[in-house]
Amino acid sequence: MIEIQGYHKRYGRHVAVHDLSLTVRPGELFGLLGPNGAGKTTTIRAVVGLTRPSGGSVRVAGHDVWREPLLAKAAFGYIPDRPYLYGKLTGRELLRFVASLAAHTTGRDVERDIERWLEFFSLEHFGNELVETYSHGMRQKLTIIAALLPEPGVLIVDEPMVGLDPRAAKQVRELFQDYAARGRTVLLTTHSLPLAEAVADRIAVLDRGRVLGLGTLDELRELTRTGHGGVEGESLERIFFRLVEEEEEQRRRESGAA
Ligand code: ATP
């Protein structure tokens, strides 16, 4: 459902992402992890058509994001890390507006769906308040509802848990798992390694725009076990630090040798 082939992104002389290729299949929840500045958001922005690749291609639901932008964009919902919401609309108005933009909601009982989602996130009593009065977590919940309301087949999510209280974070985690279990596709970036470990079918660890490891948790364990002295049954946190620290060590050796 998501195919990234040889994606490359350069900002001036700085290369933010080097030659990234990955595929996310239907029914799969894929986690993109990495330290600050690793290139996660740059990759996500390429997938949703907000940052033009310097090289390579990105397809969603079989459509090239730059050659067939409307078909590609109709196939996914996007939860950005820094959402822009219209502050002068109420929560309900904003959700009605979003639903009206999605052609395939025609004929559906959108009002019922909006109420169901507001209740799910305990926002039903705030639905007629202006969005500008919402707390950080309430805005995040509204952003998640706006992405899910058109029921897209692909969900692209950049750091979804920031600002959510523990109950909402649990609800969102289960929501994503359920989404993938119903045959849909989720691409998720997060700094929460326990979250990625709990929900992701496969994971890519990026650092400085390069993939350090990609696979299931067991495959990553195997990679670090054989190559980096890891042990069986290790947590994702241990694997993550092993990969990143090994990469830093390698860079130090190279710069020392130069
Ligand atoms: P974080 O975890 O901090 O959100 P990230 O993995 O999402 O990090 P990106 O935002 O993708 O990282 O940034 C990757 C690199 O690209 C960084 O070095 C960043 O400074 C650079 N970068 C991102 N956007 C731009 C831009 N618009 N102009 C110049 N450089 C940029």
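The values are calculated or read from the model by the stated rules, or taken from the named source; none is laboratory data. Keep in mind the model is a prediction, meaning the values are calculated, not measured. Glycine also receives a Cβ, built like all others from the backbone with ideal geometry; neighbour counts cover every protein chain displayed.
The figures follow:
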read-out	value
Strands (runs of 3 or more DSSP E) (entirely within the range 1-102) containing at least 1 residues that are of a type in the set (D, E, K, R) and farther than 30 Å from Leu130 by Cβ	2-11, 14-24, 55-60
Meets criteria (closer than 19 Å to Val244 by Cα, in contact with a Lys or Arg (Cβ under 9 Å, 6 or more places away or on another chain), surrounded by 15 or more Cβ atoms within 10 Å (Cβ to Cβ) and not hydroxyl-bearing (Ser, Thr, Tyr)) for Ala38	yes
Top-ranked residue of the range 1-17 - restricted to ones that are within 15 Å of the chain's Cα centre (by Cα) and more than 15 Å from the ligand (Cβ to nearest atom), ranked as surrounded by the most Cβ atoms within 10 Å (Cβ to Cβ)	Ile2
Matching option when the condition is modelled with pLDDT under 90, outside the structural domain of Phe240 (by TED's automatic domain parsing) and of a type outside the set (A, V, I, L, M), among Thr133, Thr90, Thr143, Thr105	Thr105
Tally, over the range 159-174, of residues that are assigned to a helix (DSSP H, G or I) and either touching a Pro at 6+ places or on another chain (Cβ under 7 Å) or within 16 Å of the ligand (Cβ to nearest atom) (or both)	1
Among the residues listed as Ile145, Ile156, the single one being more than 16 Å from the ligand (Cβ to nearest atom) and in contact (Cβ under 8 Å) with a residue 40 or more places away in the chain	Ile145
Qualifying residue in the range 113-127 (condition: in contact (Cβ under 8 Å) with a residue 40 or more places away in the chain and part of a helix (DSSP H, G or I))	yes
Matching residues, the range 18-54, being near the ligand (Cβ under 8 Å from one of its atoms) and under 24 Å from Phe176 (Cβ atoms)	Gly34, Pro35, Asn36, Ala38, Gly39, Lys40, Thr41, Thr42, Thr43, Ile44, Arg45, Thr51
